[in-house]
Amino acid sequence: MKKKYIEDKQTFFWYSPSLKNKTVSDKLLVVYIFNYRSIDYVRELFKVMKNNKAANLFFNSINKSERLKANYNDLKINYYTLLF
């Protein structure tokens, strides 16, 4: 299901060299959808990837290092912290 989701949304990842073999990491998927897409895309992501997995990837990123935390803008960090 995730592979189909990525294929359907491949224009989102036009800059990613990993698309050559049609793979995108879960971490990249969460960062990109959470940061740059609407809540409708987030809901779709939750159907493809369980909420807990997406939440864990998000919290691991923002708590691991400032560099990874910088992948998200402050507004999105606040929103998803409150959501989860």
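The values are calculated or read from the model by the stated rules, or taken from the named source; none is laboratory data. Given the structure is predicted, the values throughout are model-derived calculations rather than measurements. Because the Cβ atoms are built from the backbone with ideal geometry, glycine has one as well, and the counts that use them run over all protein chains shown.
Report yes if Ala55 is in contact (Cβ under 8 Å) with a residue 24 or more places away in the chain, more than 16 Å from Phe12 (Cα to Cα) and small (Gly, Ala, Ser), otherwise no. The answer is yes for Ala55.
Within the range 33-53, the residues that satisfy the criterion of being in contact with a helix residue (DSSP H, G or I) (Cβ under 8 Å, 6 or more places away or on another chain) and either in a helix (DSSP H, G or I) or at pLDDT 90 or above (or both) are Ile33, Phe34, Asn35, Tyr36, Tyr41, Val42, Glu44, Leu45, Phe46, Val48, Lys53. Got at least one residue in the range 7-27 being among the hydroxyl-bearing types (Ser, Thr, Tyr), at pLDDT below 75, surrounded by 12 or more Cβ atoms within 10 Å (Cβ to Cβ) and under 27 Å from Asn78 (Cα atoms)? Within the range 7-27, one or more residues are among the hydroxyl-bearing types (Ser, Thr, Tyr), at pLDDT below 75, surrounded by 12 or more Cβ atoms within 10 Å (Cβ to Cβ) and under 27 Å from Asn78 (Cα atoms). Residues in the range 64-84 that are aromatic (Phe, Trp, Tyr) and either within 17 Å of Ser38 (Cβ to Cβ) or in contact with a Leu (Cβ under 8 Å, 6 or more places away or on another chain) (or both): Tyr72, Tyr79, Tyr80.
A search for C-beta distances below 9 Å between a residue of the range 58-73 that is touching a residue at least 24 places away in the same chain (Cβ under 8 Å) and any residue that is among the small types (Gly, Ala, Ser), counting only pairs 6+ apart in sequence or on different chains, returns Asn71/Ser61; Tyr72/Ser61. Of all residues in the range 62-80, those satisfying the criterion of being surrounded by 13 or more Cβ atoms within 10 Å (Cβ to Cβ), part of a helix (DSSP H, G or I) and modelled with pLDDT of 90 or more are Ile62, Lys76, Ile77, Tyr79, Tyr80.
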